[in-house]
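We did not get these values from a lab; they are worked out from the coordinates using the rules stated. Only a predicted model underlies this, so the values are computations on that prediction, with no experimental measurement involved. Heads up, the Cβs are rebuilt from the backbone with ideal geometry, glycines too, and the neighbour counts pull from every protein chain shown.
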Amino acid sequence: MRLTSFTDYGLRALMRMASDPERVFSTAEIAEEFKVSRNHLNKIIQRLAHHGIVDTRRGAGGGAILARPAAEIGLGEIIRLLEEGQSLVECFSPIGDCSVTPVCRLKHTLAAAEAAFLAECDRKTLADIALPAEKPAIA
């Protein structure tokens with residue numbers, strides 16, 4: 001199974017935020033740290049904010065902060081949210097068109113594998129995968 005870059009970047013950003021949950025992180029800062037597109041990251045943060053995973057703040061000192069404790073944010077929840085609308089294979093899509101579907105035995109195996117993957121992710125929280133806290137630079 002391969003997650004989209006949308007989910008990958010979202011998880012990285014959340015792992016960084018979980019390392020210092022009281023701190024507001026700017027998207028520019030996170031984008032720079034992980035060498036990802038700031039524009040793409042902004043879209044991810046907007047979706048996370050819309051669904052109550054992060055809170056956003058505008059203006060000087062603005063950015064994103066976890067909306068609730070990392071231990072209350074499940075990985076499965078995050079992955080389902082960020083992968084919304086992305087099917088593992090075409091036949092899982094509502095508009096998927098596969099000529100093998102009437103006799104396919106692979107679809108059920110893949111559906112079970114996807115369910116097992118998400119079940120494993122449901123057993124972990126953002127707190128379990130938080131990055132180590134950044135150490136302040138010594139002058």
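Stretching the chain fully between Thr4 and Ala28 yields a gain of 6.6 nm (0.36 nm per residue, less the alpha carbon separation). The value of relative contact order for the chain, using C-alpha pairs under 8 Å at least six residues apart, is 32 percent. The order of Thr4, Thr56, going from fewest to most other C-beta atoms within 10 Å of their C-beta, is Thr4, Thr56. Here Leu106 and Ser19 are evaluated by their C-beta separation; at R0 = 30 Å the FRET efficiency comes out at 0.15. About the centre of its Cα atoms, the chain shows a dipole size close to 180 debye [charges on the beta carbon of Lys, Arg (+1) and Asp, Glu (-1) only; nearest 20 debye]. As a calculated quantity, the FRET efficiency between Ile65 and Arg123 at R0 = 25 Å, using C-beta atoms, amounts to about 0.50.
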